[in-house]
Structure formats: C-alpha cells, structure tokens
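K.L.:
What follows is a single structure, and I will ask about it in a moment.
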Amino acid sequence: MSPSIHRRTFLTATTAAALAVAAPGQARAAGPRVSTAFTLPGERAYPEGIALDPRTGDAYVGSFTTGAVYRAAAGSRTAEVYLPAGTDGRTTANGLKTDRRGRLWVIDSTTGVDVYDLRDRSLLARFEVPDGEQRFLNDLTITADGTAYVTDSVRPLVYRVTPAEVSRARGGRAPLTARYDLSAAVPAQPGAAYTLNGVVADPSGRLLFTVDMTGGGLYRVAVADGSVRRVALHGGDLVHGDGLELVGRTLWAAHNATNTLTRWHLSADGTAARLRRTLTDPALQIPTTLAHHRDGLLVVRSQFDKGGPMGPGTPETPFTVARVTGL
C-alpha cells in the first residue's frame, strides 16, 4: 500500500484503456481477462492486502480504513467478516499472509504485526516497533521455514520475526526488530516519499525481493549475510510498484496508481528480471496487491482514489477482489 500517492500522476483515460501490452520483442497473445472473484462487505472497506491459506484455498483480505479482516471461503463469491473492525485495537490492516502452520499475519502500518491462529481466531502474538520510531509497516512475506520478513516504507528497513520468537511471545507482545537496512542501496527520495513496499521470497527462502515504489527499482536481499543488490530490470520499471507475487522465477507486480499489472521473468540468480507482459486497465481500480491462484491472479481493487487515502470521491460498492486470467 502507498498512502499519499494522490500526489502522483495518473494515466489519461486513453492510455489507461490499453490492455495486454506485450513487452518489446514478445508476440501478442490472447488478452488477459479481468472479472470479479468475490465481493466484500461494508461501504468503506477499502481493501489493501490479501492472503491465501495454502491448506484450504480460503482468501483473507484486510481493510486499510478499519482494520477489519474478511474471509472468502474457497469457491465463494462473497466474503464475510472474519475479524471485525478494531479487533485488538487495530485501526488498519494492510499486509496479510498465512503460513503453513495455520496462522494469519496482519500488519497494522503504524504499530506492528499481529499473528492469529486460524482455527479459533485467537491472537498468538503481537510484534511492535518501539515507541518513538518513525515507521510505516507495509508488506510481508513468509519463507518455508516460517520466518516472516516485513518492509517499512518510510525507512528502508526489513524486519524479521522467527518461529521461535512467535513461540516465546505466547499471546503477548514482543519487539519487532529490524534485520536488514537497505539505505545504502535504495536512493533517497525527496520529502515524504515512500520507498519499500511489496516483498517476496524465493522458493529456497535464501533470497528476498522488495520493490521501491517511488524509485521503481527491485532489490535482492541475501538472507544469510544481508547483502543487497539492485536487480537489473530489462524492458520496464516498477514505479508505483505495490504488492508482489513470486512463483518459481515468475514475478508479478501490482502498480497501484496506474491501474497496471506486470509479469517479469527472474534470472536464475535473481540479479536480473525481464518484463514479459503488461496489463493496464481501469477495471483494476487501483490494485494494491495480488495472489497467485489456480484459477488466475486474485487482485485487490482498493479504490483508494474514490474517497480513500488517494483522493475524494465515492467508491463503487460492494468493494471487490478481481480475478485476472491470461497474465
């Protein structure tokens, strides 16, 4: 998610109407299709994050404006409230992920990360950034060993939470501590610009990839030693890059302010990525993140530009999550 991106330039209606643009040198194929996967309750949901439970196929979506979390059972066309607005004092829910141990991780951008047991919705742990430190926690990824990594958009930091730390918390609070500092690699931006946003891990869990939404770069972090390298992007950039999804060596990105999704192919060592396809469509309604599903990509339609954090207006209700096929 990227608050205050109302300051950025939007595409013209003519440009935004262009669909399925092939990358240079790529043959055009049948165009991607955007449809509605399921609806969300509430007139001011303004969804931001999404997580898929790998065990059940259920989808969880967080509300940036209320902190509520919704659940859409596998195959359902309608989501229901799973955690009501304000649960455990949370006022926003942006990044979400589920893990293989049946837990749901929910970021409150100004506070920290809550970890829930999906079986009974109990709060297992809360990890908080120490008071007085500026922060905007944004997105997270969970590696195969159960370790979570969280990005900060106002400081180029990546935090880490290990399985052992979750166990030690035992339903209580624990500090959220920074593990990697990317300030030497990520270019400084003027004013209050946001930088790090979406983050994913490679299948081995040895590499993290995070996007600088303002500078448009992608950064590779080696988990073992914390070394950071800017990924060489060929054919495009990741300006306005928000949520990421990685399956094998295929990387998808949601570009919020431009109503765009891109698909990239990573090199074997993760040091380069080539743009394979671009979809720009106003029907994406300011996409903030996406998740790979057997039936395509589930894409969060935030509508932040319609009365949300990006500008005035009235959203179309009900809020929805899109399904995109062919990308």
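K.L.:
What order do you get for 86-93, 306-313 when each peptide is scored by the mean count of other beta carbon atoms within 10 Å, highest first? Show your work: numbers first, answer last.
P.N.:
On the way: 86-93: 18.1, 306-313: 16.2.
Those peptides, ordered most packed to least, come out 86-93, 306-313.
K.L.:
Among rounded, prolate and oblate, which fits segment 56-157 when a ≥ b ≥ c are the square roots of the eigenvalues of its C-alpha gyration tensor, a/c under 1.5 means rounded, and a/b larger than b/c means prolate? Show your work: numbers first, answer last.
P.N.:
Numbers: a/c = 1.84, a/b = 1.43, b/c = 1.28.
Prolate shape, in that a/c is at least 1.5 and a/b is the bigger ratio.
K.L.:
Once you have the Cα-Cα distance between ASP145 and ARG44, take 0.36 nm times their residue separation minus that, and quote the gain in nm to one decimal. Provide the component values of the computation, followed by the final result.
P.N.:
Values: separation 101, 0.36 × 101 = 36.36 nm, distance 3.62 nm.
Gain on extension, ASP145 to ARG44, equals 32.7 nm.
K.L.:
Still on this structure: VAL247 label point, 7 Å along Cα→Cβ, cut-off 13 Å on backbone N: hits in segment 287-327?
P.N.:
Inside the label zone: 290-299, 324-327.
K.L.:
If packing is taken as the average count of other Cβ atoms within 10 Å, what order do 264-271, 148-155 fall into, highest mean first? Spell out each step's value before the answer.
P.N.:
Values: 264-271: 15.9, 148-155: 23.6.
So the peptides 264-271, 148-155, ranked by packing, come out 148-155, 264-271.
K.L.:
If r is the Cβ-Cβ distance from LEU123 to ARG230 and R0 is 41 Å, what FRET efficiency results, to the nearest 0.05? Working shown, then result.
P.N.:
Details: r = 38 Å, r/R0 = 0.92.
Once the sixth-power term is evaluated, E becomes 0.60.
K.L.:
Going by average Cβ density within 10 Å per residue, which order do the peptides 69-79, 137-147, 251-261, 40-50 take, highest to lowest? Each step should come with its number before you reach the end.
P.N.:
Values: 69-79: 17.8, 137-147: 21.2, 251-261: 25.5, 40-50: 23.2.
Averaged packing, sorted descending, gives the order 251-261, 40-50, 137-147, 69-79.
K.L.:
Treating only the Cα positions of segment 130-194 as identical point scatterers, give the base-10 log of I(q)/I(0) from the Debye formula at each q in 0.24 Å⁻¹.
P.N.:
Normalising to I(0) and taking log10 leaves -1.12.
K.L.:
Here's something else I'd like to know. Under the classification rounded if a/c is under 1.5, otherwise prolate if a/b is larger than b/c and oblate if not, where does the chain fall, given a ≥ b ≥ c as square roots of the Cα gyration tensor eigenvalues? Spell out each step's value before the answer.
P.N.:
Numbers: a/c = 1.40, a/b = 1.14, b/c = 1.23.
It comes out rounded by the Cα gyration axes.
K.L.:
For the chain, what is the relative contact order in percent, using Cα pairs closer than 8 Å and at least 6 residues apart in sequence? Mind dumping the intermediate values first?
P.N.:
Details: 894 pairs, mean separation 59.4, N = 327.
Normalised by residue count, the contact order of the chain is 18 percent.
K.L.:
Please work out whether segment 270-327 counts as rounded, prolate or oblate from its C-alpha gyration tensor, where a ≥ b ≥ c are the square roots of the eigenvalues and a/c under 1.5 means rounded, while otherwise a/b larger than b/c means prolate and anything else oblate? It would help to have the intermediate numbers written out before the result.
P.N.:
Details: a/c = 2.58, a/b = 1.71, b/c = 1.51.
Taking the square roots of the gyration eigenvalues as a ≥ b ≥ c, segment 270-327 is prolate.
K.L.:
Which net charge results when you count Lys and Arg as +1 and Asp and Glu as -1 among the other residues whose beta-carbon is under 10 Å from that of ILE107?
P.N.:
Working: positive: ARG90, LYS97; negative: GLU48, ASP108, ASP114, ASP139.
Spelling it out: positives minus negatives among the neighbours equals -2.
K.L.:
For the chain, give me the percentage of DSSP beta bridges that are antiparallel, rounded to the nearest 5 percent.
P.N.:
Numbers: 85 of 92 bridges.
In the chain, DSSP labels about 90 percent of beta bridges as antiparallel.
The numbers here are math on the coordinates, done by the rules we state, and not lab data. Keep in mind it's a predicted model, so treat the numbers as computed, not measured. Positions of Cβ are generated from backbone atoms using ideal geometry, with glycine treated the same way; all protein chains shown enter the neighbour counts.
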